[in-house]
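The values are calculated or read from the model by the stated rules, or taken from the named source; none is laboratory data. Source: prediction; values computed, not measured. Side chains are part of the model used for accessible areas, which takes the heavy atoms of the whole protein and leaves out ligands, DNA and RNA. Shrake-Rupley method; radii C 1.70, N 1.55, O 1.52, S 1.80 Å.
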Amino acid sequence: QVKFMESGGGLVQPGGSLRLSCAASGTIYSVDGMGWYRQVTGRQRELVAMISSSDITNYADSVKGRFSISRGNAENTVHLEMNSLNPDDTAVYYCTTRVGIMNFWGKGTLVTVSP
């Protein structure tokens, strides 16, 4: 079983910044990557950013140049630095850990961008 501790969500004004953090624990072997997806009610969950075990990063086009993903010092931790936020970034952000072909998911943290 994999447990997630997600933090950093909240309300921010347009143009502001937030930092999301995620720590995964439990029975985890050979993590291939960690990252974040987001979902708006009524829409599919979409990739935000992923970082592989070899530090290769992948970003959604909509966040390139504004968001930055990095791995934490502790094992199985990841951070997402989000800058120049706009209302379109409002969503529930889910931390994910990829092990082989499987993804494990956190419960999500809400990010709201509003004046």
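Taking the solvent-accessible surface of protein heavy atoms with a 1.4 Å probe, what is the per residue accessible area of region 58-115 in Å²?
On a per-residue basis, region 58-115 sits at 54 Å².
Whenever you get a sec, line up Asp89, Asp61 from highest to lowest accessible area (probe 1.4 Å, protein heavy atoms).
Largest accessible area first, the residues go Asp61, Asp89.
Quick check: at a probe of 1.4 Å, how many percent of the accessible area of region 5-51 sits on carbon and sulfur atoms?
48
Per residue and in cubic angstrom, what volume does the convex hull of the Cα atoms of region 58-102 have?
101
Please report Rg over Rh for region 1-96, where both radii come from the alpha carbon positions and Rh follows the Kirkwood definition.
Reported Rg/Rh, Kirkwood definition of Rh: 0.95.
Quick one: check the C-alpha center-to-center distance for region 9-47 versus region 65-113, whole angstrom.
2
With a 10 Å cut-off between alpha carbons and a GNM built on the chain, which of Met50, Met82, Met34 moves the most?
Result for the chain, Cα springs under 10 Å: Met82 fluctuates most.
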